Amino acid sequence: MKRKTKSEGNIVEIFSIPEELKEVKLPLFLTKIQAGFPSPAEDYIDQKLDLNEYAIKHPSATFFVRVNGESMINAGIFHNDLLIVDRSLQPQNNSIIIANLDGELTVKRFSKKRNKYYLVAENENFPDIEVNGDRNFEVWGVATFVLHSLRNI
Amino acid sequence: MSRPIFALIDCNNFYASCERVFNPKLNNVPVVVLSNNDGCIISLSNEAKAIGIKMGEPIFKIPHMVKKHNIQVLSSNYTLYGDMSQRVMDTLKNFSDEIEVYSIDEAFIKISNYTFDSLTEYGRKIRKTVKQWTGIPISVGISPSKTLCKAANHIAKRMKEYNGVLDLTDHKDADKLLDKIDVRDIWGVGRQYTKFLKSYNINTAKELKYADEKFIQKYMTKVGRQTVLELKGIACKELEQETSDKKGICCAKSFGHKLEELYVIKEALANYVSIAAAKLRRQNLAASEVVVFIETNRFTSDPQYFNSASMGPEIPSSYTPKLINIAHKLLDEIFRKGYKYKKVGVMFNHLVKQNTIQFDLFKPQPTTEMFTIMKTADRINSFWGRNTVKSAACGVNIRTWWMNQKKLSKRYTTVWSELPLVS
């Protein structure tokens with residue numbers, strides 16, 4: 001069953017699902033009985049691959065953030081991409097980091113040139129930002145992976 | 001090491017600190033977090049403390065302060081605080097296998113071996129790591145007993161020179177420091193005992209430490225004597241580590257304003273059941289008993305009523321429609337007309353692992369279809385936010401009973417559509 005109702009300007013769709021089973025079924029067996037030969041591959045199945053295990057080394061220090069803007073497109077980081085950020089890592093020269101710059105979270109390359117530190121965008125239209133104490137700057141975390149959807153979802 | 005050493009880790013201004021991690025604009029300005037219904041201040045930043053704002057103060061009493069000091073006021077975002085708490089506790093597990101999570105923002109750990117020159121150095125390492133990994137500032141109190149850890153933490157948090165870490169183990173100035181702590185701030189000394197102790201001129205932690213043990217035992221029982229011993233650095237209390245199986249899951253909240261109509265309360269209850277049932281499923285648990293309770297506001301002169309009732313599904317269940325159905329039957333039983341209700345809640349008890357449920361040959365079996373429906377709904381809601389898909393019993397109109405939470409921040413760490421944005 002499906003019906004629509006209007007509430008405070010929102011369209012709400014209502015479907016019905018069973019509140020509980022009406023009929024009583026008597027299960028004779030709760031598991032399937034194996035018949036025939038077992039799969040020859042059975043002994044060779046390793047564990048399933050887990051993307052978390054691959055991409056997240058320090059779960060309690062790992063955060064996901066959403067990219068808003070075009071400043072890192074030459075590094076393959078696009079608007080709406082998802083970044084995996086590991087706060088437990090120390091940024092190295094040229095690490096892509098999330099920084100707190102004057103109260104805003106921003107993603108940039110952290111780069112040392114002639115003893116000065118810069119936040120460098122990967123897009124010609126964005127100037128380098130020197131971090132020298134004039135601006136409120138703090139490393140928030142080190143980006144470790146970018147997740148870019150190849151479909152428009 | 002001859003004797004065990006404990007450390008108490010306490011997050012500084014925890015809720016306000018959680019908000020700051022994801023909204024750095026809140027750094028260095030006064031921040032307060034309000035209780036459910038945006039009533040009273042339950043967490044405040046040091047900047048807010050410095051201008052004289054007090055814990056527990058109702059926000060409606062200080063609009064002039066809020067305006068004058070541009071205080072950032074936030075509703076409590078327990079989803080965020082719960083996740084951040086878990087992260088802090090998990091980070092602490094890198095320092096010790098033995099951990100007692102004492103509250104959302106406090107934990108004791110037992111230090112059995114450490115690779116630093118001193119315990120203070122080790123405490124600093126813990127503090128630095130938690131701050132870097134989670135963004136949460138903490139204070140660390142170290143000593144051979146839990147009570148002394150609490151006292152050490154109390155000092156570490158308040159006296160700047162300690163930089164958030166104080167080790168009272170064999171500390172040469174321990175007595176001098178304990179003399180600065182009011183006896184009411186000692187763990188386990190409640191309001192009544194404070195009065196009692198002060199009437200005998202025992203005013204500070206140091207004075208309690210050197211009080212006559214027999215006298216204390218006589219008037220404050222064995223527990224009081226343990227406090228004295230613990231202040232002397234003799235451990236009486238062990239770590240209480242959590243048991244793996246949850247005993248019960250509860251969801252109960254106060255209404256934004258008082259409710260009298262059964263159908264509105266039913267709607268609220270259906271929402272709480274949905275929240276608690278989703279929690280069951282996240283942990284692969286099923287409930288064998290459903291308890292519903294309802295109460296009026298004790299702090300008014302209105303006629304008072306409270307009651308509860310319980311009932312079990314035939315077989316343990318985590319299926320939201322089934323649980324709502326039971327909860328509504330229970331509410332029908334205990335609801336009385338003519339009262340102004342303040343709170344309704346549901347509790348699931350006797351939780352069992354979903355895969356160990358004993359089926360009954362003669363009763364309805366849960367179908368895989370039921371699991372699939374709930375799993376799908378949970379996934380949609382975890383992506384698009386709670387209540388994107390919900391039981392119709394939860395109501396389709398703007399909820400009149402819902403808590404007032406006007407300044408709620410995003411659930412930055414638990415909902416895909418609410419992740420922090422980086423530019």
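Laid out as a table, the results:
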read-out	value
Neighbours by Cβ (under 8 Å, 6+ apart or cross-chain): first from region B:303-324, within 19 Å of B:Val344 (Cβ to Cβ); second of a type outside the set (A, V, I, L, M, F, W, C) and assigned to a helix (DSSP H, G or I)	B:Ala309/B:Glu333; B:Met311/B:Lys329; B:Thr320/B:Ser274; B:Ile324/B:Ser274
Subset of region B:67-91 [assigned to a helix (DSSP H, G or I), more than 15 Å from B:Ile126 (Cβ to Cβ) and out of contact with any Asp or Glu (no Cβ under 7 Å at 6 or more places or on another chain)]	B:Lys67, B:Lys68, B:Tyr78, B:Thr79, B:Leu80, B:Tyr81, B:Gly82, B:Asp83, B:Met84, B:Gln86
Enumeration of residues in region B:239-295 that are part of a loop (DSSP other than H, G, I, E, B) and either surrounded by 19 or more Cβ atoms within 10 Å (Cβ to Cβ) or touching a residue at least 12 places away in the same chain (Cβ under 8 Å) (or both)	B:Leu239, B:Glu240, B:Gln241, B:Glu242, B:Asp245, B:Lys246, B:Lys247, B:Glu260, B:Gln283, B:Asn284
Search result, residues across region B:205-225 that are within 20 Å of B:Asn153 (Cβ to Cβ) and surrounded by 21 or more Cβ atoms within 10 Å (Cβ to Cβ)	B:Ala205, B:Leu208, B:Lys209
Selection count where residues are of a type in the set (D, E, K, R), within 17 Å of B:Val292 (Cβ to Cβ) and surrounded by fewer than 22 Cβ atoms within 10 Å (Cβ to Cβ), scope region B:302-336	4
Count of residues meeting criterion [part of a loop (DSSP other than H, G, I, E, B) and either small (Gly, Ala, Ser) or in contact with a Pro (Cβ under 8 Å, 6 or more places away or on another chain) (or both)] in region A:98-149	4
Neighbours by Cβ (under 7 Å, 6+ apart or cross-chain): first from region B:44-58, outside the structural domain of B:Arg158 (by TED's automatic domain parsing); second among the polar types (S, T, N, Q)	B:Leu44/B:Asn13; B:Ser45/B:Asn13; B:Asn46/B:Asn13; B:Glu47/B:Asn28
Residue among B:Asn37, B:Asn94 that is of a type in the set (S, T, N, Q), in contact (Cβ under 8 Å) with a residue 24 or more places away in the chain and either touching a Phe, Trp or Tyr at 6+ places or on another chain (Cβ under 7 Å) or assigned to a helix (DSSP H, G or I) (or both)	B:Asn37
Check on B:Lys232, over 25 Å from B:Ile99 (Cα atoms), surrounded by 14 or more Cβ atoms within 10 Å (Cβ to Cβ), basic (Lys, Arg) and out of contact with any Pro (no Cβ under 7 Å at 6 or more places or on another chain)	no
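The values are calculated or read from the model by the stated rules, or taken from the named source; none is laboratory data. All figures in this text were calculated on a predicted structure; none of them were measured in a lab. Don't worry about glycine lacking a Cβ; one is built from the backbone with ideal geometry, like all the others, and counts go over all protein chains shown.
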